[in-house]
Each structure stands twice: as C-alpha cells, then as structure tokens.
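The values are calculated or read from the model by the stated rules, or taken from the named source; none is laboratory data. Everything numeric in this text was worked out from a predicted model, so none of it was measured. Cβ coordinates were reconstructed from backbone atoms using ideal geometry, including for glycine residues, and neighbour counts include every protein chain displayed. All accessible areas refer to the heavy atoms of the entire protein, side chains included, with ligands and DNA or RNA removed. Shrake-Rupley method; radii C 1.70, N 1.55, O 1.52, S 1.80 Å.
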Amino acid sequence: MKAVVMNRIGDTDVMEVVEHPEPVAAPGHVLVEIAAAGVNFMDIGVRQGMAWTDIANPKILGVEGAGRVLAVGEGVADFSAGDRVAWVYAPGSYAKRISIPVSSLVRLPNFIDDRTAAAIMMQGLTASHFATDFYPVQPRDIALVHAAAGGVGLLLTQIIRLRGGHVIGRVSSEDKVTIAEQAGAEHVIVDRQGDFAQQVLNLTNDRGVDVVYDGSGPTTFQGSIESLRRSGTFCWYGPVLGGPGLIDIMSLPKSIKIGYAVFSDHVYAPERLRARATQLFDWIRDGSLKINIGGSYRLEDAASAHLDMASRRTTGKLLLVP
C-alpha cells in the first residue's frame with residue numbers, strides 16, 4: 001500500500017511516498033481503509049524531531065482521519081467490517097490503510113461525511129477543550145483568538161460564540177479577515193509582528209480580554225499577556241512554533257493565569273472521546289458549527305501540504321486524500 005514516511009528528521013525533503021507492507025488487524029484493533037487524513041502542526045513537529053523520537057525511521061506520518069472498517073482483530077466486539085469510523089490519534093495515518101486500537105475510534109453517523117470527519121477530530125476536540133474545559137467561556141466573556149482563520153481558530157471562534165462569548169480575532173493578512181468574521185469574530189486585527197495589544201485594549205476600553213488563545217509561538221507571547229484583564233487566563237498551545245523561554249512567575253502582571261492546553265486531557269478515556277465527538281457532530285448537524293476545508297492533497301503531495309500549512313498561506317483544515 002502507499003504511505004508517506006519520513007526517512008530522517010528535517011525539512012519536507014525527508015518525506016517520501018513509498019510502498020509499505022500491508023497492515024493487519026492486531027488484537028484489540030481494527031483494520032481501516034482511510035478515506036481522508038487530517039494534516040496537523042503536530043505532524044510538522046514530528047518531522048522536525050519534536051516528537052516520536054523513540055520510533056525508528058522510516059516511519060509513517062499522520063495521526064488523524066476517517067474511513068471504513070475492513071476487518072476486526074481478535075477480541076473486538078464493538079465494531080464490524082463496513083462500519084464508518086474516525087479517529088483523533090493513531091500514528092501512521094498518512095496511508096491507504098491502518099490498524100487502529102478500538103479505544104481510539106469514534107463511529108460516524110450517516111450525516112457526517114468522511115472529509116468532514118477527518119477535518120473535525122483533532123482541531124474540533126482541541127477547540128472544544130480550550131473553550132469548555134481549560135477556560136469554560138461564559139456569556140459576555142471576551143476572547144482573543146490568534147490565527148483566527150486557521151483550522152483551530154475558526155472552530156474555536158464558533159464554539160465561543162455558541163457559549164455566548166465575544167471574539168476578537170487576530171489574523172496574519174487582510175485576505176483572512178472575511179473568513180474570520182464569517183466564523184463569528186466581531187473584530188479582526190491584522191498583524192504579523194506581534195503588535196496587537198494596544199488594539200485589543202482599545203476595543204475593550206482598556207479592560208483587556210477574559211481569555212487569550214495563543215498558538216502563534218513566542219512572537220505573540222508578550223502581547224497576549226498585555227491583552228489580558230486582571231486575573232485573565234492565557235491558554236497557550238502550539239509547541240511547533242517554539243515556546244516563550246523561561247518565565248519568572250513573579251514578574252507576571254495583573255494576577256493572570258497561564259497554562260499549556262493539550263487536547264488529550266479532554267478525551268483521556270474512550271467514553272469521553274466519543275461523547276465530545278458526538279457533541280461536535282450534533283453541532284455540525286444543526287448548523288451551529290461549520291467546517292472549512294482549506295485544501296485537499298494527494299498522498300504524493302503531502303510535502304506541499306506541510307509547506308502550505310507552515311507558510312500560514314492557508315485557511316481552515318488541510319486534508320490528504322489517498
């Protein structure tokens with residue numbers, strides 16, 4: 001079968017489409033024919049040596065996707081051949097087929113198509129964690145959402161609005177303003193250099209926002225702190241772009257709270273994964289949550305998908321379609 005592997009740590013030239021041995025359904029696993037795989041910043045981090053360093057190269061990239069069960073392994077009772085499924089963390093998803101533990105699977109309802117499912121799992125569960133667990137947004141809260149036209153940003157903006165909050169979005173270029181507004185951002189700041197805090201304060205009458213969601217790396221870290229109200233919350237994520245360095249906790253102003261949010265803490269058990277995914281699917285069905293697929297690529301073009309994502313030229317979710 002075809003699969004996208006990384007042969008060593010490095011830039012996109014370390015990625016290669018190869019003929020890989022066919023997987024089999026291991027005990028407690030199901031064998032899935034992949035219809036679409038999600039592309040995530042995490043995949044770039046793996047390629048750059050920030051994760052999976054204990055797995056020997058060459059290794060298949062990707063963790064997220066949707067497809068149809070081909071066969072079930074020993075001990076599997078909850079799934080059968082022909083079932084449509086999606087998953088949020090199964091290493092080796094840049095491929096035609098994959099063996100996945102049943103604990104990582106969500107059954108797909110008929111009203112969710114494969115590409116929508118592949119587009120919602122990781123980024124949707126991430127956005128859900130940020131706005132409901134890490135900082136439960138309350139009616140009339142004001143949030144600053146960085147990369148508001150990206151996959152997480154568009155979903156996060158919509159979920160914040162569903163909970164009665166207000167959104168100030170930050171985007172990197174003028175051509176991303178409209179899509180951020182369509183998702184529900186009431187004000188959109190265009191900024192590439194991290195010079196946005198004063199605009200946020202102006203928009204909030206110098207009060208500052210209740211929460212900042214920042215996955216844009218060290219460039220925006222200080223501005224995010226300055227944008228917060230007293231006792232505001234800083235939700236930081238996105239290690240691929242680098243961290244802020246050492247922090248002197250006694251230098252933090254205004255009694256703010258800073259934390260590093262990880263979506264796996266939202267779905268740490270199979271029943272939580274399925275409950276949170278069901279909520280996302282229900283929002284999609286009733287029209288409350290709209291999915292933006294910003295690009296679909298062949299497996300052979302996975303390197304181009306990584307380049308496009310890293311360049312910040314894209315909006316919404318990027319997919320690989322085997």
Check: Any chance the stretch 137-154 includes a residue that's without any contact (Cβ under 8 Å) to a residue 40 or more places away in the chain, on the phi < 0 side of the Ramachandran plot, aliphatic (A, V, I, L, M) and open to solvent by 10 Å² or more (accessible area, probe 1.4 Å)?
Finding: no
Next item on the list: Return the residue satisfying two criteria in turn: it lies in the stretch 84-102 and is without any contact (Cβ under 8 Å) to a residue 40 or more places away in the chain and open to solvent by 10 Å² or more (accessible area, probe 1.4 Å), and of such residues it is nearest to Arg115 (Cα to Cα).
Entry: Arg84
Margin query: Restricting to the stretch 182-192, and then to whatever is buried (at least 18 other Cβ atoms within 10 Å of the Cβ) and free of Cβ contacts under 8 Å to residues at least 60 places away in the same chain, can you tell me which residue is nearest to Arg313 (Cα to Cα)?
Written below: Asp191
Notebook entry, point to check: List, please: which pairs have Cβ atoms under 8 Å, are six or more places apart or on different chains, and start with a residue in the stretch 193-214 that is in a loop (DSSP other than H, G, I, E, B) and end with one that is open to solvent by 10 Å² or more (accessible area, probe 1.4 Å) and of a type in the set (Val, Ile, Thr)?
Noted result: Gln193/Thr219; Gly194/Thr219; Thr204/Ile142
Notebook entry, point to check: Which of (1) in contact with a Leu (Cβ under 8 Å, 6 or more places away or on another chain); (2) at pLDDT 95 or above; (3) not acidic (Asp, Glu) does Gly67 not meet, given it meets every other one?
Noted result: (1)
Next item on the list: For the stretch 223-256, enumerate the residues that are at pLDDT below 95, open to solvent by 60 Å² or more (accessible area, probe 1.4 Å) and under 18 Å from Gln193 (Cβ atoms).
Entry: Leu241
Notebook entry, point to check: Going by the conditions given, is Glu226 charged (D, E, K, R), touching a helix residue (DSSP H, G or I) at 6+ places or on another chain (Cβ under 8 Å) and without any contact (Cβ under 8 Å) to a residue 60 or more places away in the chain?
Noted result: yes
